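All remarks here apply to the structure that follows.
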Amino acid sequence: MLLTSVPFLSPILGMIEWSKDFYTHMREQHRDLPIYTLRIPGARLYVINSLGLIPAVQRQWRTLIFAPIQVKAAKAAMGASKEALTIMKRDMLTEQGFMSGMVKVTHPTMSNGPALYALNSRAFEVFDKALRQIPSPTTVSMYDWIGRLIMRATTEAIYALMYIMLDILPQSIFFGPAMQAREYLVKAFTKYYTDGSYKQGSAYIQKFTEHCISQGIPEDDVPRLLVGTVFNNVANTIPSAFWLIYRIFSDPAALEECRREVSQAVRPGDDGPNESVLDLSVVLSSCPTLLSTYHEVFRHHGMANSVRVVREDCTLQAEGGGGGYRLREGGLVMMPARAQHTNPDVWGADVDEFRHGRFLKQQGQSRPRPSPAAFRGFGGGTTLCPGRHFATSEILLLAALLLLRFDVRPAAGRWDVPSTAKSSQAEAVEQPDDDVEVVFVPRPEVAGRTWRVGFSGRRDAELLVQM
């Protein structure tokens, strides 16, 4: 057990002092410990330092479970009723229960195929409309502009109807004075649900709502759970899109290579020489530098903390044998992404640098490709992010459209990486402390073109994940 000089309070004081870098600091201080325990008021935390223990945690998915965390979030963040929470707690291990059953019915609607194509097509329409409104050099606050655009594209793609538009940052739903914003959204989703408008939404939102109904969730609670889907689908997409676009356009080498790759995904349209079709399937499957930069965004800026609840006393055994680690019922197992993403033993001496080509498969490279367990960008195991395919395709689609149609230049004349010191441990991706003013300059070589998005049916993006 660590940080016990002031019982129960020392870990909290450490978290306040080190903020998002707390677990990285602890790893550096205790490199010899594969796992360590922290005691805070009301909880026992088991923090994973060792890469070798992550697969062991994910294998014990019946004993180390995530569903109780989701139930607590439904109560604290969404204000779900006791009756709804009771239903959500039933049978957390099988697909007959609310939690696992929800994954079963919604996962196909967010995976590669017609349902995902429909989401991407609607997102493209929103992106294209916004970009057509920039006919000449225009200065924007980059994070704010991307945030509003992603919010609009995602909500229109998923919820379909215009009046449900959500022009507020997703974080404001959950923190500080956000309770007022939450209740506003609950009212909007109540109308959306009660008048049956969800039936015109995406396959995902239809299946989500139908599952709530079939499980007996009270009518007043269904809109509250629908509000939660907003956070799930945009909270991490916005900062991830910001960092990808920033990292591409601020690095001449990355910009040149990514632009070359996405240019090869463009083909002539059927409506004359001025129509171009961007094949999103090619972007996802055949733009390795773009995809490598995307992965590096999550490695460098990602800071998610995967959490499991210990359902009963158990022993955690690393691969290859050795001594086991006893975990007590009710404890929380934590797998901080930053503890793995900043480990020089895994990523090399340049671990603190952003290197856009880090994830490229190169012949003759001396360092093997990192284990999927070391990359926590999308979680892992049974809690692997179900929306990763839509988020990835949406972010790469926006990046590709900007690469093809605009030069993005810093309004101040140079690119200065914004600090992220104010980012909270509660966030999964770093937020810039200050916005970045940029100038969107339309590229003359594509002036007058109209654009469509196409899907040639190639395989989806090869994401580095551990199932």
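Every number in this text was worked out from the coordinates using simple rules, so none of it is lab data. Owing to the predicted nature of the structure, the values given are computational and were not obtained by experimental measurement. Here Cβ is always computed from backbone atoms with ideal geometry, including for glycine, and neighbour counts include all displayed protein chains.
Hey, of [x] 190; [y] 157; [z] 167, which did the structure itself give for volume of the Cα convex hull per residue in Å³ when calculated?
Of the labelled values, this structure produces [y].
Any chance you could run the full-extension gain for LEU9 through ARG44? It's 0.36 nm times the residue separation minus the Cα-Cα distance, nm to one decimal.
11.3 nm
Apply the Karplus parameterisation 6.51 cos²θ - 1.76 cosθ + 1.60, with θ equal to phi minus 60°, to every residue of region 441-452 and state each ³J(HN,Hα) to the nearest whole Hz, in sequence, with x for glycine and proline.
10, x, 7, x, 5, 10, 4, x, 7, 10, 10, 10
Quick one: if you stick a label point 7 Å off each Cα along the C-beta vector at GLN180 and ASP435, how many nm between them?
A separation of 2.1 nm, rounded to one decimal place.
With a cut-off of 8 Å between alpha carbons and a minimum separation of six or more residues, what is the relative contact order of the chain in percent?
Worked out over the chain, it gives 23 percent.
For GLU125 and ALA411, what does the FRET efficiency come to when R0 = 35 Å and r is the distance between their Cβ atoms, rounded to the nearest 0.05?
0.80
Between ASP407 and residues 5 or more places away or on another chain, which pairs have amide H atoms under 5 Å apart, with H built 1.01 Å from N, and which residues are they?
Amide H neighbours of ASP407, under 5 Å, 5+ apart: VAL441, ARG443.
What spacing in nm lies between the two simple spin-label points modelled at ALA349 and ARG326, each 7 Å away from Cα in the Cβ direction?
It works out to 4.4 nm between the two label points.
Would you kindly derive the ³J(HN,Hα) couplings of region 242-258 from the backbone phi angles with the Karplus curve 6.51 cos²θ - 1.76 cosθ + 1.60 (θ = phi - 60°), listing them in order in whole Hz, with x for Gly and Pro?
With the stated coefficients, region 242-258 comes to 4, 5, 4, 5, 4, 5, 6, 6, 8, 10, x, 5, 5, 4, 4, 6, 5 Hz.
Round to the nearest 0.05 the FRET efficiency obtained for GLU28 and ALA426 when R0 = 25 Å and r is the Cβ-Cβ distance.
Plugging the Cβ-Cβ distance into 1/(1 + (r/R0)^6) gives 0.65.
How big is Rg to Rh over region 32-71, alpha-carbon atoms, Rh as the Kirkwood inverse-mean-distance radius?
Across region 32-71, the Cα-based Rg/Rh ratio is 1.01.
In nm, to one decimal, how far is the modelled label at PHE231 from the one at VAL103, with both set 7 Å along Cα→Cβ?
That separation, rounded to one decimal, is 1.9 nm.
Using only the C-alpha atoms of region 247-375, find the volume of their convex hull and express it per residue in Å³.
Measuring per residue, one finds 174 Å³ for the Cα hull of region 247-375.
Using only the alpha carbons of region 39-134, determine the length spanned along each of the three principal axes and report them from longest to shortest in whole angstroms.
Sorted largest first, the three principal extents are 54, 39, 29 Å.
Past 28 Å, Cα to Cα: identify those pairs from LYS207/LYS361; LYS361/LYS422; LYS187/LYS422; LYS75/LYS199; LYS72/LYS207; LYS72/LYS104, in the order given.
LYS207/LYS361; LYS361/LYS422; LYS187/LYS422
If amide hydrogens are placed 1.01 Å from N in the peptide plane, which non-local residues have theirs closer than 5 Å to the one on LEU316?
TYR325, ARG326, LEU327
Can you give the extra length, in nm with one decimal, that the chain gains between LYS75 and TRP18 once fully stretched, where that is 0.36 nm per residue apart less the Cα-Cα distance?
17.7 nm
What FRET efficiency comes out for THR86 versus SER214 if R0 is 25 angstrom and r is the Cβ-Cβ distance? Round to the nearest 0.05.
The pair THR86/SER214 has a calculated efficiency of 0.95.
May I ask you to derive the relative contact order of region 316-456, considering only C-alpha pairs under 8 Å and at least 6 residues apart, and to give it as an integer percent?
15 percent
Counting other C-beta atoms within 10 Å, which of ARG326, ARG39 has the fewest, and how do the rest follow?
ARG326, ARG39
Could you go through region 35-48 in sequence order and give the Karplus-derived ³J(HN,Hα) for each residue, using 6.51 cos²θ - 1.76 cosθ + 1.60 with θ = phi - 60°, rounded to whole Hz, and x for Gly and Pro?
Using θ = phi - 60°, the values come out as 8, 9, 10, 10, 10, 10, x, x, 7, 10, 9, 9, 9, 7 Hz.
Per DSSP helix of 4 or more residues, -39500 (n - 2.57); summed, then divided by the residues of the chain. What does that give at 222 nm, rounded to the nearest 500?
-13000 deg cm²/dmol
Long-range amide H contacts for TYR36: which residues qualify at under 5 Å (H placed 1.01 Å from N, peptide plane, sequence gap of 5 or more or a different chain)?
VAL47, ASN49
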